[in-house]
Amino acid sequence: SHRVLVIENKYIRATLDSGTGLLMKIENLEQNLSLPVSQGFFWYNASVGDEKSSQASGAYIFRPNVGKPIPVSRWAQISVVKTALVQEIHQNFSAWCSQVIRLYKGQRHLELEWTVGPIPVRDDWGKEVISRFDTPMKTKGQFFTDSNGREILKRRDDYRPTWTLNQTEPVAGNYYPVNTRIYITDGQMQLTVLTDRSQGGSSLQDGSLELMVHRRLLVDDGRGVSEPLMETDPGDKVRGRHLVLLSSVSDAAARHRLLAEQEVLAPQVVLSLGGSSPYHSR
Amino acid sequence: SGDSAPLKEAMAVLQHHDAVSGTARQNVVNDYARQLAAGWGPCEVLVSNALARLSHYKQNFSFCRELNISICPVSQTSERFQVTLYNPLGRKVDQMVRLPVDEGNFIVKDPHDQNISSNVVMVPSSYSEAYQWELLFPASVPALGFSTYSVTKMSDHNHQAHNLLSRPRKHK
């Protein structure tokens, strides 16, 4: 019933619902894997303190005032670009949130280049914006995040391996630092998202995976900075990339480790106007 | 002469937890950014000297610090320029190069002076009022090495000629 939009190369096919403009499926054509994936942007309403605790969300603290984030938009205005070297979908979710879903010729990952900001706060609500991937994967409340790009740590919701956790913050208490990658797996397939900078991340539902990309808060969190996390200069608009890999569990590590290295130590681009002179006089 | 010490010192200062996690006051954050930016300049001279020595040619290299937001004066205003990619990894890397350009068609040549395929694509309308176009071409860079590609903008005249040449001849 849905008319769909497809971008593909010889390794990957991404399918979007042309009605909503949102991603709805990723296929790994090489390994014949197919995973329904819907991806969108949401925002947590930042807490300013409540009857349970006076703790507000701030530079040191992430504390949403309700557990369910609000969608930036349930649909995106889209335009499609297809050339020999790249196929991409430009998504506009709102005046302050857009994304390009990009597939280069010969690449085995989907590139999501997101642009978020300036986050509007005229409604007097601080906002903590996430990109969330939802799939039907049975992940048994587990997900994996890296530790400074090296060791991969298993995370389980409402659990700490070294002490008995009394979970008081069902969302923030399940957020972990993501330096280079976060992934979920059902034992057969693995969905890995690589980041181009450190972000907070979690998996709060089975098959779901989220990364916090930007925040704009209105009050201080009482931990010493004494000012709200509220960029007003060019830093209030942020652009970054998430690289999405769908692969079998068996070869996922080889893919994300090589790709993460290439992301962190990307080639340096230097331009020159030609017109050079020999370095050595002879 | 170039110098990497200022950037090293800035990075040393930015090991502070406030810099790593962003828990600093705005003026402190602005100063962190200022120190980093001040460190880039002497490093760019250092990289230019290294590339000149390795390529045996002194060139007027320029670095586009805002490439991620589609701003690069050299590629946006020049009819002809060179793109050098340095790969710090110990293995060959294939990378799609994206550079903001003015509208038009371009010929891209690889380090062996062979034409390679390239596209000019439209950037999302929300990205920039001023610039709408980006040049795309696939680059391959050796391990711990560099590759230099040359880009030439085709004038309308030689664009038609190029088209005619590239049009498949009718077999008699």
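Yes or no: B:Asn115 away from chain A (no Cβ under 12 Å), over 22 Å from B:Asn60 (Cβ atoms) and not small (Gly, Ala, Ser)? Outline the logic, then answer.
Values: away from chain A (no Cβ under 12 Å): yes; over 22 Å from B:Asn60 (Cβ atoms): yes; not small (Gly, Ala, Ser): yes.
Here the answer is yes, as B:Asn115 does meet what is asked.
Return only the number of the condition from (1) more than 28 Å from B:Val120 (Cα to Cα); (2) in a strand (DSSP E or B) that A:Val81 does not satisfy.
(1)
Could you list all residues from segment A:143-171 that are in contact with a helix residue (DSSP H, G or I) (Cβ under 8 Å, 6 or more places away or on another chain) and part of a loop (DSSP other than H, G, I, E, B)?
Matches in segment A:143-171: A:Gly149, A:Asp157, A:Asp158, A:Leu165, A:Gln167.
Considering only segment A:244-282, state which residues are touching a helix residue (DSSP H, G or I) at 6+ places or on another chain (Cβ under 6 Å) and either in a strand (DSSP E or B) or in contact (Cβ under 8 Å) with a residue 12 or more places away in the chain (or both). Break it down stepwise before answering.
To start, the set of residues in segment A:244-282 that are touching a helix residue (DSSP H, G or I) at 6+ places or on another chain (Cβ under 6 Å) comprises A:245, A:247, A:271, A:279.
Of everything in segment A:244-282, those that are touching a helix residue (DSSP H, G or I) at 6+ places or on another chain (Cβ under 6 Å) and either in a strand (DSSP E or B) or in contact (Cβ under 8 Å) with a residue 12 or more places away in the chain (or both) turn out to be A:Leu245, A:Ser247, A:Leu271.
Residues being touching a residue at least 40 places away in the same chain (Cβ under 8 Å) and within 19 Å of the chain's Cα centre (by Cα): count how many of those fall in segment A:13-26.
The number of residues fulfilling the criteria is 6.
Mind telling me which of the residues A:Ser98, A:Ser131, A:Ser73, A:Ser94 ends up being of a type outside the set (D, E, K, R), out of contact with any Ser or Thr (no Cβ under 9 Å at 6 or more places or on another chain) and under 24 Å from A:Asp236 (Cα atoms)?
A:Ser131
What are the residue pairs meeting all of these: first residue in segment B:95-107, first residue farther than 13 Å from A:Leu85 by Cβ, second residue small (Gly, Ala, Ser) and part of a loop (DSSP other than H, G, I, E, B), Cβ atoms under 7 Å, and 6 or more apart or on different chains?
B:Pro100/B:Ser70
Pull up segment B:74-86, narrow it to residues that are within 16 Å of B:Gly104 (Cβ to Cβ) and not basic (Lys, Arg), then point me to the one that is surrounded by the fewest Cβ atoms within 10 Å (Cβ to Cβ).
B:Thr77
I'm told A:Gly173 meets every condition in (1) surrounded by 14 or more Cβ atoms within 10 Å (Cβ to Cβ); (2) within 14 Å of chain B (Cβ to nearest Cβ); (3) modelled with pLDDT of 95 or more except one. Can you identify the failing condition by its number?
So the condition that A:Gly173 fails would be (2).
Taking segment A:223-267, which residues are away from every other protein chain (no Cβ under 12 Å) and surrounded by fewer than 15 Cβ atoms within 10 Å (Cβ to Cβ)?
A:Val249, A:Ser250, A:Asp251, A:Ala253, A:Ala254
Can you go through A:Ile61, A:Ile89, A:Ile70 and tell me which one is more than 9 Å from chain B (Cβ to nearest Cβ) and buried (at least 21 other Cβ atoms within 10 Å of the Cβ)?
Only one candidate passes the filter, namely A:Ile89.
For every residue, the table says whether it meets (1) closer than 29 Å to A:Tyr44 by Cβ; (2) under 16 Å from the mean Cα position of the chain (by Cα); (3) buried (at least 17 other Cβ atoms within 10 Å of the Cβ).
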position	(1), (2), (3)
A:Arg74	yes, no, no
A:Gln77	yes, no, no
A:Leu103	no, no, yes
A:Gly117	yes, yes, yes
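Do you know which of the residues in segment B:69-84 that are within 11 Å of the chain's Cα centre (by Cα) and under 20 Å from A:Ala266 (Cα atoms) is farthest from the other protein chains (Cβ to nearest Cβ)?
B:Ile71
Restricting attention to segment B:87-109, and to residues there that are within 10 Å of the chain's Cα centre (by Cα) and either farther than 22 Å from A:Ser276 by Cα or facing another protein chain (nearest Cβ under 7 Å) (or both), which single residue is surrounded by the fewest Cβ atoms within 10 Å (Cβ to Cβ)?
Within segment B:87-109, the subset within 10 Å of the chain's Cα centre (by Cα) is B:97-100.
With the extra rule that they be either farther than 22 Å from A:Ser276 by Cα or facing another protein chain (nearest Cβ under 7 Å) (or both), the set shrinks to B:97-98, B:100.
Working: B:Val97: 21, B:Arg98: 23, B:Pro100: 24.
Filtering first and then ranking leaves B:Val97.
The values are calculated or read from the model by the stated rules, or taken from the named source; none is laboratory data. Keep in mind it's a predicted model, so treat the numbers as computed, not measured. Quick reminder, even Gly has a Cβ in these numbers, built from the backbone with ideal geometry, and neighbours come from all protein chains shown.
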